[in-house]
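One structure is given here, and the rest of the page talks about it.
The values are calculated or read from the model by the stated rules, or taken from the named source; none is laboratory data. Everything numeric here is computed off the predicted structure, so don't read it as measured data. Every residue, glycine as well, gets a Cβ built from its backbone with ideal geometry; the counts of neighbours run over all protein chains shown. Areas reflect the complete protein model, heavy atoms only, side chains present, ligands, DNA and RNA absent. Shrake-Rupley method; radii C 1.70, N 1.55, O 1.52, S 1.80 Å.
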Amino acid sequence: MSATMDTESTYSGYSHYSGHSKKAHRQGRDRHKSPRSKDGSRSEKSVTIQTPPAEPLLGNDASRAEEGQDDNWGETTTAITGTSEHSISQEDIARISKDLEDSVGLDCKRYLGLTVAAVLGLLVFLTPIAFILLPQILWRDDLEPCGTVCEGLFISVAFKLLILLIGTWALFFRQPKADLPRVFVFRALLLVLIFLFVFSYWLFYGVRILDSKDTNYQGIVQYAVSLVDALLFIHYLAIVLLELRQLQPMFTVKVVRSTDGESRYYSLGHLSIQRAALVVLENYYRDFTVYNPALLTASKSRAAKHMAGLKVYNVDGPGNNAAGQSRAMIAAAARRRDSSHNELYYEEADHERRVRKRRARLVVAVEEAFTHIKRLQAEEQQKAPGEMMDPREAAQAIFPSMARALQKYLRTTRQQQYHSMESILQHLSFCITNNMTPKAFLERYLNPGPTLQYDRDRWFSKQWTLVSEEAVTSGLQDGVVFVLKCLDFSLVVNVKKIPFIKLSEEFIDPKSHKFVLRLQSETSV
């Protein structure tokens, strides 16, 4: 319990930045050296701010004030907490109701497709059994004896149906990964083909066998066996169309994120545009670094700062329009272009220096904390089993020693909105449980990882919009461009066909590898 209280106090005490200088800090500390009264327990060091576990480790406002901080910003802090009120307008209610209607429509479409496929699959598996059982039920006494041949055919039908059942379960009964805007063309064609095939078999069975009450039972059983064989061939066709056809790479797609320009290349086979978009999104969450809008605000603030430093005077009187002022500001900004690159250079150099400095402090703090954990483990092994610390308690015990260094580094690199206190404690306890090194613990924070590494609620977009000039059910072609849009950014996908490569062979005789060493008289050996 004490370890938890220390963790919350340390975490909350450093959750706000301060603009005091070192001199003001020394003066304030000297003023507070007087003896405290009996009611003086409410000092600054005893203030505790309880934050929800789901909130980020640092507020988003801290990144906007990062430029004016010094290295001792967190030592004299005063934190004020309060409540916030949220209001919902009529537009928000209309948008929420529209989203609910769209989600209901997507659920109905998905469940309707699953219902149709399940009913058709049940009909397919019951049809051969019905073909065999109906003559035994309706005109059993008139059937010709079949004997051993029919018994062998029964065993064949049973095993073929079992193989077909396992293959159908492996190929079709999968949890859907996404809701596509259009139907999957090949799967719909297969369902139509199976329905027409079973319907034609039932039609022939009703006309030639049921109406005439055919007494050749061996022929009826062979008719059912031919149906099962045909179904196995259709299942093989489904494997070729749905799985094998797309394995051979035919196209190379370039995926570019519109905000920061990060790009990746992927190889795809024969896929429709909507299925290619699904593959791109699956690879995006795995390969692309997490989208961080805080890194994009630096260039905008820099441009706004340059434009704010310009003043335009209207010497022609109030009759002059705003267009002339805009042209004057643009011309003045162009004249300052030669000096702006120097400011950019020094800003980036200062930021890199600050990042390296705080990174070194973080590495030292984490290494010292992990050393303390190793010493605790060696001492706790000599105590009773009831006094041992679990990984969660150990993580809470060492977290305060590294909290401020980690907090400063996350603010400097603008990653604070992706790491909450609870997630850091869970990762720390995971590393302690698996006996991982400090370098393994810091890997998540020193290098921005893929999107899937972070909390799902902070990055996952529930809905993507596919924008394409071509039909989304059409196949990929050379030069096709489509866009995947979400709330904050978009992914631009450009498709290029892999060129045809022609290889030629040239034979080299092994006996031709003969060499002669030529020595000159001037050469010293």
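Every listed requirement among (1) surrounded by 15 or more Cβ atoms within 10 Å (Cβ to Cβ); (2) at pLDDT below 90; (3) not polar (S, T, N, Q) is met by L271 save one, (2). Filtering segment 189-231 to residues that are among the hydrophobic types (A, V, I, L, M, F, W, C) and either touching a strand residue (DSSP E or B) at 6+ places or on another chain (Cβ under 7 Å) or open to solvent by 50 Å² or more (accessible area, probe 1.4 Å) (or both) leaves L189, L191, V192, L193, F195, L196, F199, W202, L203, F204, V207, L210.
Annotation: of all residues in segment 360-406 being at pLDDT 85 or above and more than 21 Å from S420 (Cβ to Cβ), the one that is most open to solvent (accessible area, probe 1.4 Å) is E368.
On the stretch given as segment 135-159, residues that are of a type outside the set (D, E) and open to solvent by 50 Å² or more (accessible area, probe 1.4 Å) total 11.
With G113, G105, G167 as the choices, which residue is at pLDDT 80 or above and on the phi < 0 side of the Ramachandran plot? Every option except G167 fails the conditions.
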